[in-house]
Ligand code: HEM
């Protein structure tokens with residue numbers, strides 16, 4: 001993407017902003033600056049990065065869609081019409097459509113993730129965190145790890161300290177993967193996406209299936225610590241091809257989270273006051289001087305909310321229009337996360353139609 005010419009023009013124009021007196025003029029310049037800011041965040045990944053991350057995206061329609069979403073040339077969210085699977089699981093009609101079985105999986109997940117009051121629950125939280133911890137165990141240059149199902153298939157990875165609390169969801173994944181006869185890596189990421197979509201106000205995320213599975217234990221030290229400094233955390237995610245901006249978007253998953261192991265005395269304490277809702281209160285309450293007593297803030301979240309590279313995004317998501325902004329940014333950032341370590345796009349199929357409409361419908 002050729003942004004340099006546009007950026008130069010915008011930089012020049014933004015310098016004028018300081019000396020212009022006319023309010024309408026400065027409003028226009030501010031808008032232009034906004035665009036420039038978005039473009040800078042967009043340009044974290046470029047075509048060259050995609051060439052390095054994916055072997056073959058140029059040759060396949062799904063590869064192009066993924067590239068376009070990651071470069072923000074296509075939205076990362078999509079509303080679909082209600083779609084009924086063409087047949088029951090295992091039937092020839094169902095086998096003929098890759099997404100059919102996922103629509104059946106989806107019905108089961110909705111029952112698991114949404115409580116009677118419409119809010120998303122502990123299963124949904126576990127599924128989102130599990131999706132992150134499976135995919136997140138990867139960095140650029142590694143030819144294994146990432147979104148490969150190893151958090152289920154390896155008996156070593158799940159016992160690491162950072163994965164405390166994830167064994168229950170792992171057992172459920174094993175049971176359902178067998179029942180529906182689907183790939184483990186795909187199930188883990190489909191469920192993590194489905195969970196966010198099912199929460200009230202959740203994004204209309206796009207989802208792809210077709211990842212290879214691996215039982216090879218992922219390398220250590222790739223999952224962030226809740227005591228990490230901003231420098232450490234930003235570097236850790238950059239090494240995964242995730243920008244500081246996208247890290248902040250992903251952190252919003254703590255809008256639906258609860259902690260049990262950081263401070264066991266306060267086990268069950270949420271990171272915002274509405275853990276059943278996919279809202280931007282997490283950003284607001286993390287930024288507050290005197291946050292509500294019932295929430296528990298991770299030091300890592302506080303550190304990132306104050307760092308010059310990430311603080312502005314915290315404020316943007318917390319501010320006016322933050323919900324829509326965050327939903328689109330989360331959908332895009334999570335798509336990247338859900339494909340960490342996946343090199344080939346030829347076997348990937350978009351199955352967004354198999355997801356429910358999001359919890360705000
Ligand atoms: C700087 C990065 C991050 C750090 C340090 C971090 C740390 C943590 C910690 C310590 C917990 C509590 C675990 C427990 O005590 O039970 C937690 C929970 C959670 N995290 Fe993160 N996290 C990070 C990023 C993410 C990302 C990128 C996602 C997803 C996209 C995510 C989703 C969740 C969810 C949903 C929970 C709640 C799990 C539950 O309630 O069962 N986190 N995180």
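The values are calculated or read from the model by the stated rules, or taken from the named source; none is laboratory data. Note that this is a predicted model, so its numbers are computed, not measured. For neighbour counting, all protein chains shown are included, and Cβ atoms are generated from backbone atoms with ideal geometry for every residue, glycine included.
Observations on the structure shown:
- Residues that are over 24 Å from residue 348 (Cβ atoms) and not in a helix (DSSP H, G or I), drawn from the range 157-201: 160, 164, 165, 166, 199, 200, 201
- Residues located in the range 298-309, provided they are free of Cβ contacts under 8 Å to residues at least 40 places away in the same chain and surrounded by fewer than 21 Cβ atoms within 10 Å (Cβ to Cβ): 302, 308
- Any chance residue 141 is at positive phi, surrounded by fewer than 20 Cβ atoms within 10 Å (Cβ to Cβ) and part of a loop (DSSP other than H, G, I, E, B): yes
- Members of the range 318-340 found to be assigned to a loop (DSSP other than H, G, I, E, B) and under 15 Å from the mean Cα position of the chain (by Cα), listed by number: 339, 340
- Residues in the range 45-74 that are in a helix (DSSP H, G or I), without any contact (Cβ under 8 Å) to a residue 24 or more places away in the chain and under 15 Å from residue 332 (Cα atoms): 50, 64, 67, 68.
- Residue 97 vs. criteria modelled with pLDDT under 95 and assigned to a loop (DSSP other than H, G, I, E, B): no
- For the range 108-132, a residue qualifies if it is more than 16 Å from the ligand (Cβ to nearest atom) and more than 18 Å from residue 203 (Cα to Cα), and the qualifying residues are 108, 111, 116, 117.
- The lone criterion from (1) farther than 23 Å from residue 273 by Cα; (2) in contact (Cβ under 8 Å) with a residue 40 or more places away in the chain; (3) away from the ligand (no atom under 12 Å from the Cβ) left unmet by residue 135 is number (3).
- For the range 341-349, the condition of being free of Cβ contacts under 8 Å to residues at least 60 places away in the same chain, crowded, with 18+ Cβ neighbours inside 10 Å and at negative phi holds for none of the residues.
- Residues of the range 274-291 that turn out to be in contact (Cβ under 8 Å) with a residue 40 or more places away in the chain and within 17 Å of residue 328 (Cα to Cα), as a count: 5
- Scope the range 199-208; condition touching a strand residue (DSSP E or B) at 6+ places or on another chain (Cβ under 6 Å) and more than 13 Å from the ligand (Cβ to nearest atom); matching residues: 204, 208
- Set 272, 279, 301: member being more than 27 Å from residue 235 (Cβ to Cβ), modelled with pLDDT of 95 or more and touching a helix residue (DSSP H, G or I) at 6+ places or on another chain (Cβ under 9 Å): 279
- Against the criterion of being within 27 Å of residue 72 (Cβ to Cβ) and within 10 Å of the ligand (Cβ to nearest atom), residue 269 does not qualify.
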